[in-house]
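Asks: Input: one structure, supplied below.
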Amino acid sequence: MAQVSMTVNGKAVSAEAEGRTLLSQFLRETLGLTGTHVGCDTGQCGACTVHVNGRMVKSCNMFAAEADGARITTIEGMAEADGSLGAIQAAFREHHGLQCGFCTPGMVMAAAALLADNPKPSEADIRAHLSGNLCRCTGYHNIVKAIMAASGQDVGAIAAE
Amino acid sequence: MPADGGIGAPNKRREDVRFLTGKGKYTDDLNRPGQAHVIFVRSQVAHGNLTAVNTDEAAAMPGVIRIFTGADFAEVGGLPCGWQVTDRHGEPMQEPAHPVLAQGKVRHVGDAIAAVVAETADQARDAAEAVEVEIDELPAVVDMKAALAADAPKVHDDLSSNLCYDWGFVEENKAAVEEAFANAAHVTTLELVNNRLIANPMEPRVAIGDYDAAGGDSTLYTTSQNPHVIRLLMGAFVLGIPEHKLRVVAPDVGGGFGSKIFHYAEEAFCTFAAKALERPVKWTSTRSEAFITDAHGRDHVTTIQLALDADNNFTAIRTDTHANMGAYLSTFAPSVPTWLHGTLMAGNYRTPLIYVNVKAVFTNTVPVDAYRGAGRPEATFQLERVIDKAARELGVDPIALRRQNFITEFPYATPVAVEYDTGNYVATMDKLEEIADLAGFDARRAESAAKGKLRGLGVNCYIEACGIAPSNLVGQLGARAGLYESATVRVNATGGLVVMTGSHSHGQGHETAFPQVVADMIGIDPSMVEIVHGDTANTPMGMGTYGSRSLAVGGSAMVRATEKIIAKAKKIAAHLMEAAEGDIELKDGQFSVAGTDKSVAWGDVTLAAYVPHNYPLEDIEPGLEETAFYDPANFTYPAGAYACEVEVDPDTGKVTIERFSAADDFGNIVNPMIVDGQVHGGLGQGIGQALLEHAVYDEDGQLLSGSYMDYAMPRADDVPFYTVDHSCQTPCTHNPLGVKGCGEAGAIGSPPAVVNAVVDALRSAGHDVTHIDMPLSPHRVWQAMQA
């Protein structure tokens, strides 16, 4: 066991972790931040996506100890200061970009990372960026639409309400 | 579109806020005080006799509480099968035992042999690796036809063979069907595979058993689409716990698609172990484990033949299908290739004679059961592919051939036992031609050709039977359950309502859509209605959510309960206004006396019900709470027409979906936003089946596509924006909402459209291709072009 310290959603935290403890496990089980979901064990599904020092990372692919000293943002840190939904979260709700909600935290974190780098992504940019995040419910239609809308683009022409 | 947020309004989902902020409560997010963790030791071989399980070293490892083996379950019941099929000779299917932990033999990779319970999951995992298992390996049977050979190794030694059943439908029509084929002007034959799939909801399964020794009460928290069904099956058949001492909770569930209908061994184990250890016991599946323990789907091998007369009218269909059951019978497995498949073989067409033969086969593979669509995609795929092939053989337009044979008068009794109450297949095809811009296809094909790509168009129809199902009927067909649904509507004194439903939402948005119905009936804001689901402790006995049944059956129960509420509220209102009950009208949340200006508000009546001071207690009970159970009179029959346009790279065989359009008739619509989403999701899965997904076993019974590295899930860059339309609406004639169900349509209707399109693309370049089996990988498509 080693002491691991990091800043999670702006709050300093410190706890013991085994060397093999994954960051996803540390967030969920040690810190109780269960918004980060684990959907696979091969780093393929992206449900556990968080931001580490501003970069998008699959938290099941990183040991907690590797994140010592890092600045982490999880889905719990994505709402506005007053608790209302952030712009990306609001766009997902507005455009029905989620159904069962399990992949959603990873999708929102992936979308935030994309828009930070590419404020007006094309449909192809979005689809390519999301290729590491699996969703089984939406067929991706409304997720792509929501991200386009969150970036301020007109989605009125995209088929279906 | 109504502005009041009632029926027909695209209300935003209320469940989204918790899911978007990380505050959902999925089963793995729950932890019970004093909880232990279990890791299962699973068979790594497909077939063998278990000769020894040595747990001594593992039991001494840190944190280990107890290791369970098959011996601990020798006196415990096995997992039951919920549907008994009778074969074509009148004999019941062969039904093997399905133990919670292996009893002397393992029958598929992933079969559970032992269970290590420890203080932490990591400790349990470490100890599980130290459990020594000795297996005397036996030859595995994987291929269905080989499994039926006389000298094939038997999956179950106590059964006569690997044949579960040989089902004929309609057996009495067989001779007439043969005669129709003998007299046919043209017969089209197609052999095809409906590829084996894995449902893969993004949330892996989880089970937590809990036991209160003081009261003798067991609780199971589980990732289920139907907690009451699990309570009944596990309590009555496996563990012998009466339902009043067993609570099953399915909280937020991260998708199901059928795979979370079934009662699984891990649920029974955790409930059993919690009592044995007097500690909560939690199991969280890894994705790798999900691949080898979640029920798989599809896996049919079929020869279908279509007979036509000289005028191209369909005269008969006969099919010969082998359906894989896997190593054991999962909960509803026998029903899928039979009653959910054979009854849909008429499709949207007038075909007077149909005979379906299905041989269900045991193999050394994971059990196969219902996956989104369940039997209906298999029927649709066969039918819509063979029609396309027939059109090409006859040199006629495939859409025209379909239109010529459409059923146009309703109700229509098919030759395969079901009666379609309503539909309009011409209208959905017309709508499809419009939204898919079929008139512009030739120009788009030319554009593709200019880029060096082959463009193809595939069109097909589908029909499905949803809203499962009339209990009397399914009882005759072998179901060991009723298939009604329930709702309790509880009105509070201050006018708000809580609806407790037996349906379960795991992505479908019941918490948003169901209140729209109740609010609409009363004329109040939907925010006054709350939906409770997923906990047997506070919801009436219900059969859960699958088969696109929640609104058609569960919603109907809710309507019936609300009608009872309104009827009683009118009596109370009549008393308050000193009027005759028959004169009371309810509109916009106000009760009024017809022809007068007298009225009382909804809230006045609800308050009077609970504060019955000025109240006819001699005639009416206080309180305002009603329950209804609704048993449907028939299935519902959503139908539609789909069009897919693909581009094929002639150098690589890579297929891209350029356009996909879906025109569906779901009857009345409660929340069009949610309906669109359901169709999108179904299309994603159907395109996944057609192009990408395949559960592949090698000859030794090893699952080669056992992770997301190998099992190709559709990703955002594999699919386009879809064009969906549900403006063609022929309301269901037998349920109070006129709704039909929309959850499975996309997955049912889309695979043949994709395959039809790819075949069309290849043929446009002169390749004499009539069929390619799914998934249409670049390799397969490229090979087809080389032939």
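Asks: Which condition does B:E699 not pass, out of (1) facing chain A (nearest Cβ under 9 Å); (2) part of a loop (DSSP other than H, G, I, E, B), if it passes all the others?
Replies: Failing condition for B:E699: (1).
Asks: A follow-up question, please. Considering every residue within region B:434-449, establish whether at least one is under 27 Å from the mean Cα position of the chain (by Cα) and either of a type outside the set (S, T, Y) or not assigned by TED's automatic domain parsing to the domain that holds B:A663 (or both). Working first, answer last.
Replies: So the first thing to find is which residues in region B:434-449 are under 27 Å from the mean Cα position of the chain (by Cα), and the list is none.
Scanning region B:434-449 turns up no residue that is under 27 Å from the mean Cα position of the chain (by Cα) and either of a type outside the set (S, T, Y) or not assigned by TED's automatic domain parsing to the domain that holds B:A663 (or both).
Yes or no, residue by residue, for (1) part of a helix (DSSP H, G or I); (2) of a type in the set (F, W, Y); (3) within 15 Å of the chain's Cα centre (by Cα); (4) at the interface with chain B (Cβ under 9 Å from one of its Cβ atoms):
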{"position": "A:L98", "(1), (2), (3), (4)": "no, no, yes, yes"}
{"position": "A:G101", "(1), (2), (3), (4)": "no, no, yes, yes"}
{"position": "A:P105", "(1), (2), (3), (4)": "yes, no, yes, yes"}
{"position": "A:M109", "(1), (2), (3), (4)": "yes, no, yes, no"}
{"position": "A:A113", "(1), (2), (3), (4)": "yes, no, yes, no"}
{"position": "A:D125", "(1), (2), (3), (4)": "yes, no, no, no"}
{"position": "A:A128", "(1), (2), (3), (4)": "yes, no, no, yes"}
{"position": "A:R136", "(1), (2), (3), (4)": "no, no, no, yes"}
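Asks: Every residue in region B:702-729 that is among the polar types (S, T, N, Q), assigned to a loop (DSSP other than H, G, I, E, B) and within 22 Å of A:H141 (Cα to Cα), please.
Replies: Going residue by residue through region B:702-729, those that are among the polar types (S, T, N, Q) are B:702, B:705, B:707, B:723, B:727, B:729.
Subset that is assigned to a loop (DSSP other than H, G, I, E, B): B:702, B:705, B:707, B:727, B:729.
Selection gives B:S727 alone.
Asks: Hey, does region B:758-766 have a residue that's closer than 18 Å to B:E693 by Cβ and either within 13 Å of chain A (Cβ to nearest Cβ) or surrounded by 23 or more Cβ atoms within 10 Å (Cβ to Cβ) (or both)? Lay out the reasoning, then the answer.
Replies: First pass over region B:758-766, keeping only residues closer than 18 Å to B:E693 by Cβ: B:758.
Next, only the ones that are either within 13 Å of chain A (Cβ to nearest Cβ) or surrounded by 23 or more Cβ atoms within 10 Å (Cβ to Cβ) (or both) stay: B:758.
Checked region B:758-766: at least one residue is closer than 18 Å to B:E693 by Cβ and either within 13 Å of chain A (Cβ to nearest Cβ) or surrounded by 23 or more Cβ atoms within 10 Å (Cβ to Cβ) (or both).
Asks: Which of the residues that make up region B:709-724 are crowded, with 21+ Cβ neighbours inside 10 Å, in contact (Cβ under 8 Å) with a residue 40 or more places away in the chain and at the interface with chain A (Cβ under 8 Å from one of its Cβ atoms)?
Replies: B:V719, B:Y722, B:V724
Asks: Shifting gears a bit: Out of region B:569-595, which residues are of a type in the set (A, V, I, L, M, F, W, C) and either within 21 Å of B:D525 (Cβ to Cβ) or touching a residue at least 24 places away in the same chain (Cβ under 8 Å) (or both)?
Replies: Kept after step one, since they are of a type in the set (A, V, I, L, M, F, W, C), are these residues of region B:569-595: B:569, B:572-574, B:576-577, B:579-580, B:584, B:586, B:591, B:593-594.
Across region B:569-595, the qualifying residues are B:A569, B:I572, B:A573, B:L576, B:L586, B:F591.
Asks: For B:T302, work out the one condition from (1) within 14 Å of chain A (Cβ to nearest Cβ); (2) within 22 Å of B:V416 (Cβ to Cβ) it doesn't fulfil.
Replies: Against the list (1) within 14 Å of chain A (Cβ to nearest Cβ); (2) within 22 Å of B:V416 (Cβ to Cβ), B:T302 comes up short only on (1).
Asks: Failed condition for B:V781, given (1) among the aliphatic types (A, V, I, L, M); (2) outside any helix (DSSP H, G or I); (3) in contact with a Gly (Cβ under 6 Å, 6 or more places away or on another chain), with all others met?
Replies: All conditions pass for B:V781, except number (2).
Asks: Any idea how many residues of region A:131-161 are hydrophobic (A, V, I, L, M, F, W, C), in contact (Cβ under 8 Å) with a residue 40 or more places away in the chain and surrounded by 22 or more Cβ atoms within 10 Å (Cβ to Cβ)? Give the steps one after another, and end with the answer.
Replies: At the first step, the residues of region A:131-161 found to be hydrophobic (A, V, I, L, M, F, W, C) are A:134-135, A:137, A:143-144, A:146-150, A:155, A:157-160.
Keeping just the survivors that are in contact (Cβ under 8 Å) with a residue 40 or more places away in the chain gives A:134, A:143, A:146-147, A:149-150, A:155.
Still in the running and surrounded by 22 or more Cβ atoms within 10 Å (Cβ to Cβ): A:134, A:143, A:146-147, A:149-150.
Number satisfying all stated conditions: 6.
Asks: Out of everything in region B:151-171 that is among the charged types (D, E, K, R) and at pLDDT 95 or above, what residue ends up being nearest to the chain's Cα centre (by Cα)? Can you show your working first?
Replies: If we filter region B:151-171 for residues that are among the charged types (D, E, K, R), which is where we start, we get B:151, B:154, B:157-158, B:166, B:171.
Still in the list and also at pLDDT 95 or above: B:151, B:154, B:157-158, B:166.
Details: B:D151: 36, B:K154: 30, B:D157: 32, B:D158: 31, B:D166: 24 Å.
So, considering only residues that are among the charged types (D, E, K, R) and at pLDDT 95 or above, the one nearest to the chain's Cα centre (by Cα) is B:D166.
Asks: Quick check: anything in region B:242-255 more than 22 Å from B:E15 (Cα to Cα) and buried (at least 23 other Cβ atoms within 10 Å of the Cβ)? If you could, list the steps in order and put the result at the bottom.
Replies: As a first pass, look at region B:242-255 and keep what is more than 22 Å from B:E15 (Cα to Cα): B:242-247.
Next cut, buried (at least 23 other Cβ atoms within 10 Å of the Cβ) only: none.
No, region B:242-255 has no match at all.
Asks: Continuing with the same structure: Tell me whether region B:143-160 contains one or more residues that are among the basic types (K, R) and loosely packed, with under 14 Cβ neighbours inside 10 Å.
Replies: yes
Asks: Listed residues B:Q44, B:Q94, B:Q103; which is in the same structural domain as B:M234 (by TED's automatic domain parsing), assigned to a loop (DSSP other than H, G, I, E, B) and in contact with a Cys (Cβ under 6 Å, 6 or more places away or on another chain)?
Replies: Values: B:Q44 fails: in contact with a Cys (Cβ under 6 Å, 6 or more places away or on another chain); B:Q103 fails: in contact with a Cys (Cβ under 6 Å, 6 or more places away or on another chain).
Just one listed residue meets the conditions, B:Q94.
Asks: Against the definition (of a type in the set (G, A, S), assigned by TED's automatic domain parsing to the domain that holds B:Y349 and surrounded by 22 or more Cβ atoms within 10 Å (Cβ to Cβ)), how does B:G653 come out, yes or no?
Replies: Values: of a type in the set (G, A, S): yes; assigned by TED's automatic domain parsing to the domain that holds B:Y349: yes; surrounded by 22 or more Cβ atoms within 10 Å (Cβ to Cβ): no.
So B:G653 does not fit the description; no.
Asks: Which members of region B:535-565 meet the condition of being surrounded by fewer than 18 Cβ atoms within 10 Å (Cβ to Cβ), touching a helix residue (DSSP H, G or I) at 6+ places or on another chain (Cβ under 9 Å) and over 30 Å from B:L233 (Cα atoms)?
Replies: B:E563
Asks: Sort out which residues of region B:503-516 are assigned to a helix (DSSP H, G or I), within 14 Å of chain A (Cβ to nearest Cβ) and either in contact with a helix residue (DSSP H, G or I) (Cβ under 8 Å, 6 or more places away or on another chain) or under 27 Å from B:M234 (Cα atoms) (or both), and write them in order of number.
Replies: Going residue by residue through region B:503-516, those that are assigned to a helix (DSSP H, G or I) are B:510-516.
Applying the additional criterion that residues be within 14 Å of chain A (Cβ to nearest Cβ) yields B:510-513.
If the condition is that a residue be assigned to a helix (DSSP H, G or I), within 14 Å of chain A (Cβ to nearest Cβ) and either in contact with a helix residue (DSSP H, G or I) (Cβ under 8 Å, 6 or more places away or on another chain) or under 27 Å from B:M234 (Cα atoms) (or both), then B:H510, B:T512, B:A513 are the ones that fit.
Asks: Which of the numbered conditions does B:A519 fail, given that it passes all the others? Conditions: (1) part of a helix (DSSP H, G or I); (2) within 23 Å of the chain's Cα centre (by Cα); (3) over 29 Å from B:L617 (Cβ atoms).
Replies: Of (1) part of a helix (DSSP H, G or I); (2) within 23 Å of the chain's Cα centre (by Cα); (3) over 29 Å from B:L617 (Cβ atoms), only one is false for B:A519: (2).
Asks: Go over the candidates B:N31, B:N54 one by one and state the one that is within 11 Å of chain A (Cβ to nearest Cβ) and either farther than 23 Å from B:G254 by Cα or not hydroxyl-bearing (S, T, Y) (or both).
Replies: Numbers: B:N54 fails: within 11 Å of chain A (Cβ to nearest Cβ).
Exactly one of B:N31, B:N54 is within 11 Å of chain A (Cβ to nearest Cβ) and either farther than 23 Å from B:G254 by Cα or not hydroxyl-bearing (S, T, Y) (or both), namely B:N31.
Asks: Something else about it: Here is a list: A:T36, A:T21. Which entry is closer than 20 Å to A:A79 by Cα and in contact (Cβ under 8 Å) with a residue 12 or more places away in the chain? Walk me through how you get there before you give the answer.
Replies: Details: A:T21 fails: closer than 20 Å to A:A79 by Cα.
Sole residue among the options that is closer than 20 Å to A:A79 by Cα and in contact (Cβ under 8 Å) with a residue 12 or more places away in the chain: A:T36.
Asks: Could you check B:R13 against (1) within 11 Å of chain A (Cβ to nearest Cβ); (2) part of a loop (DSSP other than H, G, I, E, B); (3) over 25 Å from the mean Cα position of the chain (by Cα); (4) of a type outside the set (S, T, N, Q) and say which number it fails?
Replies: With respect to (1) within 11 Å of chain A (Cβ to nearest Cβ); (2) part of a loop (DSSP other than H, G, I, E, B); (3) over 25 Å from the mean Cα position of the chain (by Cα); (4) of a type outside the set (S, T, N, Q), B:R13 is out only on (3).
Asks: Here's a follow-up. Examine region A:76-89 for a residue that is at pLDDT 95 or above, away from every other protein chain (no Cβ under 13 Å) and in a helix (DSSP H, G or I), and state whether such a residue exists.
Replies: no
Asks: Please determine whether any residue of region B:263-275 is within 24 Å of the chain's Cα centre (by Cα), among the basic types (K, R) and modelled with pLDDT of 95 or more.
Replies: We begin by selecting, within region B:263-275, every residue within 24 Å of the chain's Cα centre (by Cα); these are B:263-268.
Within this subset, residues satisfying the condition of being among the basic types (K, R) are none.
Within region B:263-275, none of the residues are within 24 Å of the chain's Cα centre (by Cα), among the basic types (K, R) and modelled with pLDDT of 95 or more.
Asks: Got a sec? Which of B:D111, B:D210 is among the charged types (D, E, K, R), closer than 21 Å to B:A333 by Cβ and surrounded by 17 or more Cβ atoms within 10 Å (Cβ to Cβ)? First the steps, then the outcome.
Replies: On the way: B:D210 fails: closer than 21 Å to B:A333 by Cβ.
After ruling out the rest, the residue left standing is B:D111.
Asks: Here are some residues: A:G43, A:G35, A:G39. Which one is part of a loop (DSSP other than H, G, I, E, B), within 11 Å of chain B (Cβ to nearest Cβ), in contact with a Pro (Cβ under 6 Å, 6 or more places away or on another chain) and modelled with pLDDT of 95 or more? Please lay out each step first, then the result.
Replies: On the way: A:G43 fails: in contact with a Pro (Cβ under 6 Å, 6 or more places away or on another chain); A:G39 fails: in contact with a Pro (Cβ under 6 Å, 6 or more places away or on another chain).
The match here is A:G35.
Asks: Collect the residues in region B:2-42 that are free of Cβ contacts under 8 Å to residues at least 60 places away in the same chain, in contact with a Pro (Cβ under 9 Å, 6 or more places away or on another chain) and of a type in the set (A, V, I, L, M), keeping them in residue-number order.
Replies: Residue satisfying the conditions is B:L20 alone.
One line per residue, one yes/no per condition, for (1) more than 17 Å from A:L134 (Cβ to Cβ); (2) at pLDDT 95 or above; (3) not β-branched (V, I, T); (4) not assigned by TED's automatic domain parsing to the domain that holds B:V517:
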residue: B:P638; (1), (2), (3), (4): yes, yes, yes, yes
residue: B:A643; (1), (2), (3), (4): yes, yes, yes, yes
residue: B:A663; (1), (2), (3), (4): yes, yes, yes, yes
residue: B:V679; (1), (2), (3), (4): yes, yes, no, yes
residue: B:Q689; (1), (2), (3), (4): no, yes, yes, yes
residue: B:L692; (1), (2), (3), (4): no, yes, yes, yes
residue: B:D698; (1), (2), (3), (4): yes, yes, yes, yes
residue: B:P714; (1), (2), (3), (4): no, yes, yes, yes
residue: B:P731; (1), (2), (3), (4): yes, yes, yes, yes
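The values are calculated or read from the model by the stated rules, or taken from the named source; none is laboratory data. This structure is a prediction, so every number in the text was calculated from the model and none was measured. Cβ sites come from the backbone with ideal geometry, for glycine too, and all protein chains shown count toward neighbours.
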